[in-house]
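Each reported figure results from applying straightforward, stated rules to the coordinates on display, with no laboratory input. None of these values were measured; they are calculated from a predicted model. Virtual Cβ from ideal backbone geometry, glycine too; neighbours counted across all protein chains shown.
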């Protein structure tokens, strides 16, 4: 697929990995819709950085836990760009800190809505609106580590997102390819947990012995988008951890 001149929607694109992905697409000549939930100021910053690279970029706010707002996000993006996005990067996620004993139904529902239902709704919208003559690409950003004892809802949705990726890949082929990129340790956590050196040992970093970089994430995503024969794959970017535990 030709990235230059196409339009992409990146969820959770106001900062961190999402921002890097949006700017990487912009560097490759792709117009970019910057989705955000609450980080409006950072979203504007990302938009301005993308525009400085010579592409069109707009911000679109939406609470992905709402099905209606997911649909509005898609419609608003088409309205702003006058085009159907042919690339969707599902980067936004609900990253809870709740163990099994305290997990409430509402917390679980929110995690499922943001991490699984939102990508599903955006895929349905792309399949409906993308012209028959056009190709589409969906990349779901997932976590290589599937189970966190203190993050039960998030852990469950990790596995669900993998299942969704494979189901969509079959259902939308051959016009739309759907893949997921499963990340190892790329950036320190941003939710207040301690990020000291002891958090990242050989069991966490794997054979690479280091954290990954956002640049390496961007390289992988651009490669996936540019390859028209990768579909339904769960690609690991984890410094070799998957080779050790077989995941």
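Explain nothing, just the number: relative contact order of the stretch 32-89, from Cα pairs under 8 Å at least 6 residues apart, as a whole percent. Write out the running numbers ahead of the final one.
Numbers: 58 pairs, mean separation 17.4, N = 58.
Across the stretch 32-89, relative contact order equals 30 percent.
Please compute the Kirkwood hydrodynamic radius over the chain, one decimal place, Å, based on all pairs of different Cα atoms.
Details: mean 1/r = 0.0550 Å⁻¹.
Kirkwood hydrodynamic radius for the chain: 18.2 Å.
On a 0 to 90 degree scale, rounded to 10, what angle separates helix 16-27 from the longest Cα axis of the chain?
The two axes meet at around 30 degrees.
Using r as the Cβ-Cβ distance of residue 204 and residue 15, and R0 as 25 Å, what FRET efficiency do you calculate, to the nearest 0.05? Please list the in-between numbers first.
Values: r = 23 Å, r/R0 = 0.91.
Working from the Cβ atoms, E equals 0.65.
Does anyone have the angle between helix 67-81 and the longest principal axis of the chain? Alpha-carbon axes, 0 to 90°, nearest 10?
It works out to around 50 degrees.
What is the extension gain from residue 53 to residue 100, computed as 0.36 nm multiplied by their sequence separation minus the C-alpha to C-alpha distance, in nm to one decimal?
On the way: separation 47, 0.36 × 47 = 16.92 nm, distance 4.54 nm.
Full extension from residue 53 to residue 100 adds 12.4 nm.
Given Cα pairs under 8 Å that are at least 6 residues apart, what percent is the relative contact order of the chain?
Working: 478 pairs, mean separation 44.3, N = 247.
Worked out over the chain, it gives 18 percent.
Restricting to Cα pairs below 8 Å that are 6+ residues apart, what does the relative contact order work out to for the stretch 62-120? Please round to a whole percent. Write out the running numbers ahead of the final one.
Details: 37 pairs, mean separation 26.2, N = 59.
It comes to 44 percent, rounded to a whole number.
Any idea how far apart residue 41 and residue 134 come out in nm if each label point goes 7 Å out from Cα toward Cβ?
3.5
Multiplying the sequence separation of residue 1 and residue 79 by 0.36 nm and subtracting their Cα-Cα distance, what value in nm do you get?
Length difference between fully extended and current span is 25.8 nm.
Going by alpha carbons, how many degrees (0 to 90, nearest 10) lie between the helix axis of 152-172 and the longest principal axis of the chain?
Between the helix axis and the principal axis of the chain, the angle is about 40 degrees.
Grab the DSSP H runs of the chain that are 4 residues or longer, score each as -39,500 (n - 2.57), total them, divide by all residues and round the 222 nm result to the nearest 500 deg cm²/dmol.
Numbers: 9 runs with 102 residues, N = 247.
Mean residue ellipticity at 222 nm (helix-derived): -12500 deg cm²/dmol.
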